[in-house]
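Here is the structure we will look at.
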Amino acid sequence: MHLDIKKDFPILSKFHYLDSAATSLKPVSVVQAVREYYMEYPANVHRGVYKLSERATDEYEKSREATAELFNSKPDEVVFTRNTTECINQLANVFAGTLLNKGDVVLITEMEHHSNLLPWLMLKQKIGIKVGYVKLDGPTLDYSDFESKIHSLKPKVVSFVHASNVLGTINDAKKILDMCSDLGITTVMDCAQSAPHMRIDFRKLGVDYVAFSAHKMLGPTGVGILIGKSHLLESLPPFFGGGSMVSKADLQSFIPAEIPQKFEAGTPNIAGVIGFGAAVRYIKQIGYEQMHRTETNLLEHTLKRHDEVSDFVELHSNTDLKNSLGIFTFSVKGVHPHDVAAILDESNVCVRGGHHCAQPLHNLLGADHTVRASYYFYNSKSDVDALFSALQNVKKVFSL
Amino acid sequence: MNYEEFIDRYKSLKHRGKIEGALHTFKSNFSCGDSIDVYVKVRGSKIVDAKFDGKGCVLSFVSADILCDYLMGKELDDLCELDFNRMVELIGFMPSVGRKGCVEIILNAVKSLCKGGAREDRRTQD
(Lines give C-alpha, C1' and ligand atoms only; values in the text may rest on other atoms or scores of the structure.)
Protein backbone atom coordinates (compact mmCIF):
# COMPACT_ATOMS: atom_id res chain seq x y z
CA MET A 1 0.00 0.00 0.00
CA HIS A 2 1.37 3.40 -0.96
CA LEU A 3 1.43 5.95 1.82
CA ASP A 4 1.50 9.66 1.10
CA ILE A 5 3.47 10.76 4.13
CA LYS A 6 3.19 14.49 3.59
CA LYS A 7 -0.58 14.13 3.22
CA ASP A 8 -0.80 11.96 6.32
CA PHE A 9 1.02 14.61 8.41
CA PRO A 10 -0.36 17.90 7.04
CA ILE A 11 1.43 19.98 9.68
CA LEU A 12 4.70 19.26 7.88
CA SER A 13 3.71 21.74 5.19
CA LYS A 14 3.91 24.53 7.78
CA PHE A 15 6.62 23.44 10.23
CA HIS A 16 9.96 21.72 10.24
CA TYR A 17 9.04 19.43 13.13
CA LEU A 18 12.28 18.13 14.63
CA ASP A 19 11.11 17.18 18.12
CA SER A 20 9.83 13.64 17.64
CA ALA A 21 11.88 12.34 20.56
CA ALA A 22 9.58 14.47 22.76
CA THR A 23 6.43 13.38 20.96
CA SER A 24 5.79 12.29 17.40
CA LEU A 25 3.27 13.74 15.02
CA LYS A 26 0.07 11.73 14.56
CA PRO A 27 -1.08 10.61 11.13
CA VAL A 28 -4.61 11.41 9.96
CA SER A 29 -5.64 7.76 10.42
CA VAL A 30 -4.88 7.91 14.16
CA VAL A 31 -6.85 11.12 14.60
CA GLN A 32 -9.71 9.57 12.64
CA ALA A 33 -9.70 6.45 14.82
CA VAL A 34 -9.95 8.58 17.97
CA ARG A 35 -12.69 10.71 16.43
CA GLU A 36 -14.60 7.65 15.25
CA TYR A 37 -14.62 6.22 18.77
CA TYR A 38 -16.00 9.41 20.29
CA MET A 39 -18.54 9.99 17.51
CA GLU A 40 -19.73 6.47 16.74
CA TYR A 41 -19.29 4.14 19.71
CA PRO A 42 -18.26 6.15 22.79
CA ALA A 43 -19.08 3.43 25.33
CA ASN A 44 -17.02 1.95 28.13
CA VAL A 45 -15.10 -1.28 27.63
CA HIS A 46 -15.47 -4.66 29.33
CA ARG A 47 -18.86 -3.57 30.73
CA GLY A 48 -22.01 -3.46 28.64
CA VAL A 49 -23.54 -6.13 26.47
CA TYR A 50 -25.09 -3.62 24.09
CA LYS A 51 -23.65 -3.15 20.61
CA LEU A 52 -21.78 0.12 21.26
CA SER A 53 -19.95 -1.26 24.27
CA GLU A 54 -19.12 -4.49 22.52
CA ARG A 55 -17.65 -2.57 19.59
CA ALA A 56 -15.59 -0.41 22.00
CA THR A 57 -14.29 -3.54 23.76
CA ASP A 58 -13.54 -5.20 20.46
CA GLU A 59 -11.57 -2.22 19.09
CA TYR A 60 -9.72 -1.77 22.42
CA GLU A 61 -8.68 -5.43 22.46
CA LYS A 62 -7.73 -5.31 18.77
CA SER A 63 -5.16 -2.64 19.73
CA ARG A 64 -3.75 -5.00 22.33
CA GLU A 65 -3.52 -7.79 19.76
CA ALA A 66 -1.87 -5.51 17.19
CA THR A 67 0.67 -4.38 19.81
CA ALA A 68 1.41 -7.97 20.81
CA GLU A 69 1.95 -8.91 17.18
CA LEU A 70 4.31 -5.97 16.55
CA PHE A 71 6.43 -6.86 19.60
CA ASN A 72 6.13 -10.63 19.28
CA SER A 73 4.44 -11.12 22.64
CA LYS A 74 1.12 -12.57 23.70
CA PRO A 75 -1.89 -10.22 24.02
CA ASP A 76 -2.28 -10.98 27.73
CA GLU A 77 1.30 -9.80 28.25
CA VAL A 78 0.39 -6.30 27.05
CA VAL A 79 -0.72 -3.87 29.79
CA PHE A 80 -1.97 -0.38 28.97
CA THR A 81 -0.92 2.38 31.37
CA ARG A 82 -0.53 6.15 30.99
CA ASN A 83 3.08 6.35 29.78
CA THR A 84 6.57 4.85 30.09
CA THR A 85 7.15 6.70 33.34
CA GLU A 86 4.08 5.13 34.91
CA CYS A 87 5.12 1.66 33.71
CA ILE A 88 8.51 1.87 35.40
CA ASN A 89 7.16 3.53 38.55
CA GLN A 90 4.51 0.85 38.94
CA LEU A 91 7.04 -1.91 38.46
CA ALA A 92 9.29 -0.31 41.08
CA ASN A 93 6.34 0.03 43.46
CA VAL A 94 5.26 -3.60 43.17
CA PHE A 95 8.86 -4.86 43.35
CA ALA A 96 9.21 -3.10 46.73
CA GLY A 97 8.79 -5.60 49.51
CA THR A 98 8.44 -8.52 47.09
CA LEU A 99 11.43 -8.70 44.77
CA LEU A 100 13.36 -5.84 46.36
CA ASN A 101 14.15 -5.28 50.00
CA LYS A 102 16.57 -3.12 51.98
CA GLY A 103 20.13 -3.45 50.67
CA ASP A 104 19.17 -5.06 47.36
CA VAL A 105 20.76 -3.54 44.27
CA VAL A 106 19.10 -2.18 41.15
CA LEU A 107 21.63 -1.62 38.38
CA ILE A 108 20.88 1.13 35.86
CA THR A 109 23.18 3.24 33.65
CA GLU A 110 24.51 6.79 33.54
CA MET A 111 22.58 7.24 30.30
CA GLU A 112 19.08 7.10 31.81
CA HIS A 113 16.19 9.44 31.25
CA HIS A 114 14.70 10.50 34.60
CA SER A 115 11.89 7.97 34.01
CA ASN A 116 14.32 5.14 34.70
CA LEU A 117 16.26 6.93 37.43
CA LEU A 118 13.78 8.60 39.77
CA PRO A 119 11.56 5.54 40.41
CA TRP A 120 14.61 3.67 41.73
CA LEU A 121 15.91 6.66 43.71
CA MET A 122 12.46 6.90 45.28
CA LEU A 123 12.70 3.23 46.22
CA LYS A 124 16.12 3.94 47.69
CA GLN A 125 14.51 6.58 49.92
CA LYS A 126 11.48 4.46 50.71
CA ILE A 127 12.94 1.04 51.52
CA GLY A 128 16.70 1.47 51.33
CA ILE A 129 17.61 -0.31 48.11
CA LYS A 130 20.97 0.53 46.53
CA VAL A 131 21.25 1.93 43.01
CA GLY A 132 24.31 1.06 40.94
CA TYR A 133 25.32 2.77 37.71
CA VAL A 134 27.03 1.43 34.59
CA LYS A 135 29.53 3.95 33.27
CA LEU A 136 29.69 5.48 29.84
CA ASP A 137 32.52 5.02 27.39
CA GLY A 138 32.11 8.12 25.23
CA PRO A 139 28.59 8.10 23.80
CA THR A 140 28.11 4.36 24.43
CA LEU A 141 27.82 2.17 27.47
CA ASP A 142 30.95 0.66 28.94
CA TYR A 143 30.01 -3.00 28.51
CA SER A 144 32.97 -4.29 30.49
CA ASP A 145 31.83 -2.11 33.40
CA PHE A 146 28.34 -3.53 32.89
CA GLU A 147 29.59 -7.10 33.08
CA SER A 148 31.83 -6.40 36.03
CA LYS A 149 29.02 -4.69 38.01
CA ILE A 150 26.57 -7.49 37.28
CA HIS A 151 28.98 -9.82 39.08
CA SER A 152 30.31 -7.48 41.79
CA LEU A 153 27.07 -5.73 42.79
CA LYS A 154 24.87 -8.81 42.28
CA PRO A 155 21.81 -6.75 41.28
CA LYS A 156 18.33 -8.19 41.70
CA VAL A 157 17.10 -5.91 38.91
CA VAL A 158 18.86 -4.55 35.82
CA SER A 159 16.88 -1.71 34.25
CA PHE A 160 18.37 0.06 31.25
CA VAL A 161 17.53 2.54 28.55
CA HIS A 162 17.42 0.88 25.14
CA ALA A 163 18.16 4.09 23.24
CA SER A 164 19.22 7.45 24.63
CA ASN A 165 16.99 10.47 24.10
CA VAL A 166 20.06 12.73 24.29
CA LEU A 167 22.90 10.83 22.65
CA GLY A 168 20.79 8.83 20.21
CA THR A 169 22.86 5.78 21.09
CA ILE A 170 21.12 2.43 20.67
CA ASN A 171 22.38 0.11 23.38
CA ASP A 172 23.14 -3.52 22.66
CA ALA A 173 20.15 -5.06 24.43
CA LYS A 174 21.01 -8.61 23.40
CA LYS A 175 24.50 -8.30 24.86
CA ILE A 176 23.18 -6.91 28.15
CA LEU A 177 20.41 -9.49 28.44
CA ASP A 178 22.85 -12.30 27.70
CA MET A 179 25.02 -11.04 30.57
CA CYS A 180 22.01 -11.24 32.90
CA SER A 181 20.73 -14.63 31.76
CA ASP A 182 21.03 -17.57 34.13
CA LEU A 183 21.82 -15.22 37.04
CA GLY A 184 18.21 -14.83 38.17
CA ILE A 185 18.24 -11.09 37.46
CA THR A 186 14.95 -9.39 36.61
CA THR A 187 15.41 -7.26 33.49
CA VAL A 188 13.56 -4.10 32.49
CA MET A 189 14.05 -2.14 29.26
CA ASP A 190 13.02 1.49 28.86
CA CYS A 191 12.07 1.46 25.18
CA ALA A 192 10.46 4.90 25.03
CA GLN A 193 12.94 6.05 22.38
CA SER A 194 13.67 2.77 20.63
CA ALA A 195 10.19 1.31 20.11
CA PRO A 196 9.14 4.06 17.65
CA HIS A 197 12.15 3.38 15.40
CA MET A 198 13.16 -0.25 15.53
CA ARG A 199 11.71 -3.70 15.80
CA ILE A 200 11.76 -5.07 19.34
CA ASP A 201 11.24 -8.80 19.47
CA PHE A 202 10.12 -9.33 23.05
CA ARG A 203 10.14 -13.12 22.87
CA LYS A 204 13.49 -13.42 21.10
CA LEU A 205 15.26 -10.91 23.36
CA GLY A 206 14.17 -12.78 26.45
CA VAL A 207 13.75 -9.57 28.47
CA ASP A 208 11.32 -9.69 31.40
CA TYR A 209 9.65 -6.30 30.94
CA VAL A 210 9.66 -3.55 28.32
CA ALA A 211 8.02 -0.15 28.68
CA PHE A 212 7.24 2.48 26.06
CA SER A 213 4.79 5.25 25.19
CA ALA A 214 2.21 5.42 22.42
CA HIS A 215 2.65 9.14 21.81
CA LYS A 216 6.24 8.81 20.67
CA MET A 217 5.23 6.28 18.01
CA LEU A 218 2.37 8.04 16.21
CA GLY A 219 -0.25 7.32 18.89
CA PRO A 220 -2.19 9.63 21.19
CA THR A 221 -0.78 10.97 24.46
CA GLY A 222 -1.85 9.30 27.70
CA VAL A 223 -1.15 5.69 26.75
CA GLY A 224 1.85 3.73 27.99
CA ILE A 225 2.52 0.09 27.25
CA LEU A 226 4.13 -2.41 29.57
CA ILE A 227 4.90 -5.82 28.13
CA GLY A 228 5.87 -8.46 30.67
CA LYS A 229 6.37 -12.21 30.57
CA SER A 230 3.03 -13.73 31.48
CA HIS A 231 4.29 -15.88 34.36
CA LEU A 232 5.98 -12.82 35.89
CA LEU A 233 2.92 -10.61 35.48
CA GLU A 234 0.84 -13.32 37.12
CA SER A 235 3.15 -13.28 40.13
CA LEU A 236 3.02 -9.49 40.64
CA PRO A 237 0.44 -7.78 42.84
CA PRO A 238 -1.94 -5.36 41.04
CA PHE A 239 -0.78 -1.75 40.49
CA PHE A 240 -4.07 -0.22 41.63
CA GLY A 241 -7.27 -1.42 43.26
CA GLY A 242 -10.68 -0.61 41.80
CA GLY A 243 -13.04 -1.49 39.00
CA SER A 244 -12.03 -3.93 36.25
CA MET A 245 -9.00 -5.37 38.05
CA VAL A 246 -10.88 -7.73 40.32
CA SER A 247 -12.61 -11.05 39.76
CA LYS A 248 -14.27 -11.25 43.18
CA ALA A 249 -14.56 -8.84 46.10
CA ASP A 250 -16.33 -8.89 49.45
CA LEU A 251 -16.05 -6.61 52.47
CA GLN A 252 -12.97 -8.41 53.77
CA SER A 253 -10.93 -9.41 50.75
CA PHE A 254 -10.66 -9.64 46.98
CA ILE A 255 -9.30 -11.86 44.24
CA PRO A 256 -7.56 -9.97 41.41
CA ALA A 257 -8.61 -10.50 37.81
CA GLU A 258 -6.43 -12.41 35.38
CA ILE A 259 -3.67 -10.62 33.49
CA PRO A 260 -3.67 -8.11 31.88
CA GLN A 261 -6.93 -6.79 33.43
CA LYS A 262 -5.32 -7.13 36.87
CA PHE A 263 -3.17 -4.09 36.00
CA GLU A 264 -5.83 -1.95 34.31
CA ALA A 265 -7.96 -0.67 37.17
CA GLY A 266 -10.69 1.83 36.35
CA THR A 267 -11.79 3.08 32.96
CA PRO A 268 -8.72 3.19 30.73
CA ASN A 269 -7.85 5.71 28.02
CA ILE A 270 -10.12 3.93 25.55
CA ALA A 271 -9.83 6.47 22.73
CA GLY A 272 -6.07 6.63 23.22
CA VAL A 273 -5.63 2.87 23.06
CA ILE A 274 -7.84 2.62 19.97
CA GLY A 275 -5.81 5.44 18.41
CA PHE A 276 -2.65 3.55 19.26
CA GLY A 277 -4.00 0.54 17.39
CA ALA A 278 -4.24 2.74 14.29
CA ALA A 279 -0.67 3.92 14.95
CA VAL A 280 0.60 0.34 15.09
CA ARG A 281 -1.12 -0.41 11.80
CA TYR A 282 0.53 2.65 10.24
CA ILE A 283 3.96 1.59 11.49
CA LYS A 284 3.45 -1.88 10.04
CA GLN A 285 2.59 -0.34 6.68
CA ILE A 286 5.68 1.87 6.64
CA GLY A 287 7.94 -0.83 8.03
CA TYR A 288 10.83 -0.36 10.41
CA GLU A 289 13.36 -0.93 7.60
CA GLN A 290 12.15 2.07 5.63
CA MET A 291 12.05 4.20 8.78
CA HIS A 292 15.60 3.25 9.65
CA ARG A 293 16.84 4.03 6.13
CA THR A 294 15.25 7.45 6.11
CA GLU A 295 16.43 8.38 9.60
CA THR A 296 19.97 7.19 8.98
CA ASN A 297 20.12 9.24 5.78
CA LEU A 298 18.90 12.28 7.68
CA LEU A 299 21.55 11.82 10.38
CA GLU A 300 24.25 11.34 7.76
CA HIS A 301 23.15 14.53 6.01
CA THR A 302 23.09 16.33 9.39
CA LEU A 303 26.64 15.32 10.22
CA LYS A 304 27.83 16.57 6.82
CA ARG A 305 26.06 19.89 7.34
CA HIS A 306 27.49 20.12 10.85
CA ASP A 307 30.97 20.32 9.38
CA GLU A 308 30.01 23.72 7.93
CA VAL A 309 29.10 25.13 11.35
CA SER A 310 31.48 23.28 13.64
CA ASP A 311 33.20 26.57 14.52
CA PHE A 312 30.19 27.59 16.64
CA VAL A 313 28.08 24.43 16.98
CA GLU A 314 29.37 21.74 19.32
CA LEU A 315 28.07 18.22 18.72
CA HIS A 316 27.17 16.02 21.71
CA SER A 317 25.25 13.10 20.22
CA ASN A 318 26.50 9.85 18.77
CA THR A 319 27.88 9.95 15.22
CA ASP A 320 27.94 6.19 14.70
CA LEU A 321 25.27 5.80 12.05
CA LYS A 322 24.90 2.08 12.66
CA ASN A 323 24.04 2.39 16.34
CA SER A 324 22.22 5.69 16.58
CA LEU A 325 18.73 7.04 16.28
CA GLY A 326 18.18 10.15 14.19
CA ILE A 327 19.10 12.47 17.04
CA PHE A 328 21.36 15.51 16.75
CA THR A 329 22.15 17.07 20.12
CA PHE A 330 24.31 20.16 20.14
CA SER A 331 25.25 23.42 21.82
CA VAL A 332 25.83 26.79 20.23
CA LYS A 333 28.88 28.22 21.91
CA GLY A 334 27.95 30.94 24.40
CA VAL A 335 24.23 30.86 23.61
CA HIS A 336 21.58 29.42 25.91
CA PRO A 337 19.61 26.53 24.34
CA HIS A 338 16.32 28.36 24.92
CA ASP A 339 17.61 31.27 22.87
CA VAL A 340 18.74 28.93 20.12
CA ALA A 341 15.36 27.16 20.11
CA ALA A 342 13.47 30.47 20.12
CA ILE A 343 15.46 31.84 17.16
CA LEU A 344 14.99 28.57 15.24
CA ASP A 345 11.28 28.85 15.97
CA GLU A 346 11.22 32.14 14.04
CA SER A 347 11.97 29.96 10.99
CA ASN A 348 9.34 27.41 12.06
CA VAL A 349 12.06 24.92 13.00
CA CYS A 350 10.81 23.06 16.10
CA VAL A 351 13.59 21.74 18.35
CA ARG A 352 13.92 21.11 22.06
CA GLY A 353 16.22 23.09 24.35
CA GLY A 354 16.94 21.99 27.92
CA HIS A 355 18.28 18.97 29.75
CA HIS A 356 15.70 16.64 28.16
CA CYS A 357 14.91 15.05 31.55
CA ALA A 358 18.42 13.62 31.70
CA GLN A 359 20.30 15.90 34.10
CA PRO A 360 22.92 13.39 35.30
CA LEU A 361 23.83 12.61 31.69
CA HIS A 362 24.21 16.33 30.96
CA ASN A 363 26.50 16.64 33.97
CA LEU A 364 28.67 13.95 32.40
CA LEU A 365 28.62 15.75 29.06
CA GLY A 366 29.77 18.88 30.86
CA ALA A 367 26.75 20.82 29.60
CA ASP A 368 23.91 22.21 31.72
CA HIS A 369 21.59 21.87 28.80
CA THR A 370 21.64 21.30 25.07
CA VAL A 371 19.57 21.71 21.93
CA ARG A 372 18.16 18.58 20.33
CA ALA A 373 16.83 17.94 16.84
CA SER A 374 15.20 14.52 16.59
CA TYR A 375 13.98 12.97 13.37
CA TYR A 376 11.31 10.52 12.36
CA PHE A 377 10.58 8.87 9.03
CA TYR A 378 8.30 11.75 7.98
CA ASN A 379 11.16 14.27 7.99
CA SER A 380 13.13 15.13 4.88
CA LYS A 381 16.47 16.67 3.99
CA SER A 382 14.73 20.01 3.55
CA ASP A 383 13.94 19.95 7.29
CA VAL A 384 17.62 19.40 8.08
CA ASP A 385 18.62 22.17 5.68
CA ALA A 386 16.10 24.51 7.33
CA LEU A 387 17.73 23.76 10.69
CA PHE A 388 21.20 24.67 9.46
CA SER A 389 19.96 27.72 7.67
CA ALA A 390 18.27 28.90 10.90
CA LEU A 391 21.46 28.22 12.86
CA GLN A 392 23.11 30.88 10.71
CA ASN A 393 20.49 33.30 12.10
CA VAL A 394 21.59 32.40 15.62
CA LYS A 395 25.17 33.18 14.61
CA LYS A 396 24.07 36.52 13.18
CA VAL A 397 21.89 37.59 16.13
CA PHE A 398 24.58 36.79 18.68
CA SER A 399 27.43 38.07 16.50
CA LEU A 400 29.29 34.78 16.86
CA MET B 1 9.96 38.58 21.97
CA ASN B 2 12.15 40.48 19.56
CA TYR B 3 15.68 39.21 20.02
CA GLU B 4 17.27 42.15 18.27
CA GLU B 5 15.76 44.52 20.88
CA PHE B 6 16.90 42.43 23.82
CA ILE B 7 20.28 41.40 22.58
CA ASP B 8 21.94 44.79 23.04
CA ARG B 9 20.92 44.88 26.67
CA TYR B 10 21.99 41.26 27.11
CA LYS B 11 25.44 42.14 25.84
CA SER B 12 25.82 45.00 28.35
CA LEU B 13 23.94 43.98 31.47
CA LYS B 14 24.11 46.67 34.15
CA HIS B 15 23.39 44.58 37.20
CA ARG B 16 25.22 41.31 36.64
CA GLY B 17 27.51 40.51 39.54
CA LYS B 18 27.62 39.86 43.25
CA ILE B 19 27.41 42.12 46.33
CA GLU B 20 29.31 40.92 49.36
CA GLY B 21 27.35 41.05 52.62
CA ALA B 22 24.04 41.81 50.90
CA LEU B 23 20.74 39.97 51.23
CA HIS B 24 21.00 36.99 48.99
CA THR B 25 18.74 34.33 47.60
CA PHE B 26 18.90 31.60 44.96
CA LYS B 27 16.25 30.10 42.72
CA SER B 28 16.32 27.47 40.02
CA ASN B 29 14.06 26.49 37.17
CA PHE B 30 13.92 22.72 37.18
CA SER B 31 12.45 22.45 33.71
CA CYS B 32 15.50 23.94 32.03
CA GLY B 33 18.19 23.69 34.71
CA ASP B 34 18.73 27.45 34.97
CA SER B 35 19.56 29.10 38.27
CA ILE B 36 19.87 32.64 39.45
CA ASP B 37 21.44 34.31 42.49
CA VAL B 38 20.11 37.70 43.57
CA TYR B 39 21.88 40.17 45.88
CA VAL B 40 20.07 43.16 47.34
CA LYS B 41 21.83 45.79 49.42
CA VAL B 42 19.58 47.69 51.81
CA ARG B 43 20.32 50.88 53.68
CA GLY B 44 17.71 51.64 56.35
CA SER B 45 14.72 50.13 54.62
CA LYS B 46 15.60 51.25 51.09
CA ILE B 47 17.25 49.19 48.39
CA VAL B 48 20.45 50.92 47.30
CA ASP B 49 21.91 48.25 45.03
CA ALA B 50 20.78 45.02 43.33
CA LYS B 51 22.72 42.47 41.35
CA PHE B 52 22.20 38.99 39.95
CA ASP B 53 24.28 36.17 38.56
CA GLY B 54 23.79 32.60 37.45
CA LYS B 55 22.89 30.55 34.40
CA GLY B 56 20.14 31.72 32.10
CA CYS B 57 18.93 32.71 28.68
CA VAL B 58 18.61 36.18 27.17
CA LEU B 59 15.06 36.59 28.45
CA SER B 60 15.87 35.55 32.04
CA PHE B 61 18.98 37.75 32.24
CA VAL B 62 17.42 40.81 30.62
CA SER B 63 14.33 40.41 32.84
CA ALA B 64 16.63 40.23 35.85
CA ASP B 65 18.52 43.33 34.73
CA ILE B 66 15.31 45.28 34.18
CA LEU B 67 13.94 44.22 37.57
CA CYS B 68 17.16 45.18 39.33
CA ASP B 69 16.83 48.64 37.75
CA TYR B 70 13.29 48.86 39.07
CA LEU B 71 14.34 47.84 42.59
CA MET B 72 16.71 50.76 43.07
CA GLY B 73 15.30 53.09 45.74
CA LYS B 74 12.34 50.85 46.56
CA GLU B 75 11.39 49.78 50.08
CA LEU B 76 12.19 46.14 50.84
CA ASP B 77 8.55 45.52 51.76
CA ASP B 78 7.50 46.78 48.31
CA LEU B 79 8.87 43.56 46.88
CA CYS B 80 5.87 41.68 48.25
CA GLU B 81 3.64 43.64 45.86
CA LEU B 82 5.50 42.46 42.78
CA ASP B 83 3.63 40.05 40.55
CA PHE B 84 3.81 38.61 37.07
CA ASN B 85 1.68 41.38 35.58
CA ARG B 86 4.16 43.98 36.87
CA MET B 87 6.99 41.97 35.28
CA VAL B 88 5.13 41.97 31.97
CA GLU B 89 4.82 45.77 32.19
CA LEU B 90 8.50 46.10 33.00
CA ILE B 91 9.78 43.92 30.16
CA GLY B 92 7.20 45.28 27.73
CA PHE B 93 5.60 42.09 26.41
CA MET B 94 3.76 38.94 27.46
CA PRO B 95 6.10 35.95 27.24
CA SER B 96 4.76 32.80 25.63
CA VAL B 97 3.72 30.00 27.96
CA GLY B 98 6.97 28.13 27.29
CA ARG B 99 9.08 31.15 28.28
CA LYS B 100 7.05 32.27 31.30
CA GLY B 101 9.46 30.47 33.62
CA CYS B 102 12.37 32.51 32.22
CA VAL B 103 10.71 35.66 33.61
CA GLU B 104 9.34 34.09 36.79
CA ILE B 105 12.69 32.86 38.05
CA ILE B 106 13.93 36.39 38.90
CA LEU B 107 10.48 37.46 40.11
CA ASN B 108 10.27 34.53 42.51
CA ALA B 109 13.81 35.09 43.72
CA VAL B 110 13.23 38.75 44.47
CA LYS B 111 9.83 38.16 46.06
CA SER B 112 11.33 35.59 48.41
CA LEU B 113 13.48 38.36 49.88
CA CYS B 114 10.45 40.10 51.29
CA LYS B 115 9.07 36.94 52.80
CA GLY B 116 11.90 36.60 55.26
CA GLY B 117 13.02 33.46 53.51
CA ALA B 118 16.54 34.57 52.71
CA ARG B 119 17.36 37.83 54.41
CA GLU B 120 20.97 36.97 54.81
CA ASP B 121 23.67 35.40 52.75
CA ARG B 122 22.39 31.87 52.68
CA ARG B 123 21.06 29.72 49.93
CA THR B 124 17.50 28.61 49.44
CA GLN B 125 16.37 26.52 46.56
CA ASP B 126 12.97 25.89 45.01
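Cα gyration tensor of segment B:2-74, axes a ≥ b ≥ c as square roots of the eigenvalues: rounded (a/c below 1.5), prolate (a/b > b/c) or oblate? Taking the square roots of the gyration eigenvalues as a ≥ b ≥ c, segment B:2-74 is oblate. Evaluated with a Cβ-only charge set (Lys, Arg +1; Asp, Glu -1), segment A:243-331 carries a dipole of roughly 460 debye about its Cα centre, given to the nearest 20. With contributions of -39500 (n - 2.57) from each DSSP H run of at least four residues, the per-residue ellipticity at 222 nm computed over chain A stands at -12000 deg cm²/dmol. Annotation: A:Arg55 carries an accessible surface of approximately 80 Å², with a 1.4 Å probe and no ligand, DNA or RNA atoms counted.
Among rounded, prolate and oblate, which fits segment A:197-252 when a ≥ b ≥ c are the square roots of the eigenvalues of its C-alpha gyration tensor, a/c under 1.5 means rounded, and a/b larger than b/c means prolate? Oblate, since a/c reaches 1.5 and b/c is not below a/b.
A loss of 10 Å² or more of accessible area (1.4 Å probe, protein heavy atoms, ligands and nucleic acids excluded) relative to the isolated chain is seen in these residues of segment A:362-400: A:Asp368, A:His369, A:Val397, A:Phe398, A:Ser399.
Counting only residues at least eight positions apart within a chain, or on another chain, the lysines with an alpha carbon under 29 Å from that of B:Lys41 are B:Lys11, B:Lys14, B:Lys18, B:Lys27, B:Lys51, B:Lys55, B:Lys74, B:Lys100, B:Lys111, B:Lys115. With contacts taken as Cα pairs under 8 Å at a separation of at least 6 residues, chain A carries a relative contact order of 22 percent. When the dipole is taken about the Cα centre of chain B, and only Lys, Arg (+1) and Asp, Glu (-1) are charged at their Cβ, what size is it in debye, to the nearest 20? With Lys and Arg at +1 and Asp and Glu at -1, about 280 debye. Atom-type composition of the exposed protein surface of segment A:1-131 places 55 percent of the accessible area on carbon and sulfur (1.4 angstrom probe).
Distances between every pair of Cα atoms in segment A:208-354, grouped in 5 Å steps from 0 to the bin holding the largest one, split as 2, 8, 11, 12, 14, 12, 10, 9, 8, 6, 4, 2, 1, 0, 0 percent. Mean per-residue shielding of peptide A:326-339 is 3, counting Cβ atoms of other chains within 10 Å of each Cβ. Using a Gaussian network for chain A with springs between C-alpha atoms less than 10 Å apart, which of these wobbles most: A:Gly326, A:Gly272, A:Gly138? Residue with maximal mean-square fluctuation among A:Gly326, A:Gly272, A:Gly138: A:Gly138. Working note: 222 nm ellipticity from helices only, DSSP H runs with n ≥ 4, each -39,500 (n - 2.57), summed and divided by the residues of chain B, gives -11000 deg cm²/dmol to the nearest 500. Using only side-chain charges placed at the Cβ, +1 for Lys and Arg and -1 for Asp and Glu, the dipole size of the protein assembly as shown relative to its Cα centre rounds to 420 debye. In this structure segment A:37-196 gives 41 Å² per residue of accessible area when probed at 1.4 Å with all protein chains present. Among the protein heavy atoms of segment A:278-400, carbon and sulfur supply 45% of the accessible surface, probe 1.4 Å, non-protein parts ignored. Scanning chain B for GluC sites (Glu not before Pro) lying in DSSP loops with no more than 14 further Cβ atoms inside 10 Å, the longest uninterrupted stretch between such sites is B:21-119. Association of chains B and A removes close to 1300 square angstrom of accessible area from solvent, both sides included, for a probe radius of 1.4 Å. In segment B:55-79, comparing the full protein assembly with the chain on its own, the residues that lose 10 Å² or more of accessible surface at a 1.4 Å probe are B:Lys55, B:Gly56, B:Cys57, B:Val58.
Shown here is the pair-distance distribution of segment A:40-120: with all Cα-Cα distances grouped in 5 Å bins from zero up to the longest one, the shares run 3, 12, 14, 15, 16, 14, 10, 7, 5, 2, 0 percent. Where Rh is the Kirkwood radius over the Cα pairs of chain A, the temperature 25 °C and the viscosity 0.890 mPa s, what D in µm²/s does Stokes-Einstein return? Rounded to a whole number, D works out at 111 µm²/s. By the equivalent-ellipsoid construction on the alpha carbon gyration tensor, segment A:305-344 comes out with semi-axes of 21, 12, 8 Å, ordered largest to smallest. Annotation: lysines with alpha-carbon distance below 17 angstrom to A:Lys6 (same-chain offsets under eight excluded): A:Lys14, A:Lys26, A:Lys381.
Each residue of segment B:51-66 was assigned a 3J(HN,Hα) from its phi angle through the Karplus expression (A = 6.51, B = -1.76, C = 1.60, θ = phi - 60°), giving 9, 9, 7, x, 10, x, 8, 4, 5, 5, 6, 5, 4, 5, 5, 5 Hz with x at Gly and Pro. Rg and Dmax, both from the Cα atoms of segment A:161-246 and both in Å, are 14.4, 42. In this rough spin-label picture, where each label sits 7 Å from Cα along the Cβ direction, the A:Lys204-B:Ser96 distance is 4.2 nm. Averaging 1/r over every pair of different alpha carbons in segment A:134-208 and inverting the result gives a Kirkwood radius of 12.8 Å. Using a Cα-Cα cut-off of under 26 Å, which lysines could be cross-linked to A:Lys154, ignoring same-chain neighbours fewer than 8 residues away? Counting by Cα, and skipping residues close in sequence, A:Lys154 has these lysines nearby: A:Lys102, A:Lys124, A:Lys126, A:Lys130, A:Lys135, A:Lys174, A:Lys175, A:Lys204, A:Lys229.
The values are calculated or read from the model by the stated rules, or taken from the named source; none is laboratory data. All of these numbers come straight from a predicted model, not from anything done at the bench. Note: ideal-geometry Cβ built from the backbone for every residue, glycine included; neighbour counts use all protein chains shown. Accessible surface is based on the protein model in full, side chains and every heavy atom, while ligands, DNA and RNA are left aside. Shrake-Rupley method; radii C 1.70, N 1.55, O 1.52, S 1.80 Å.
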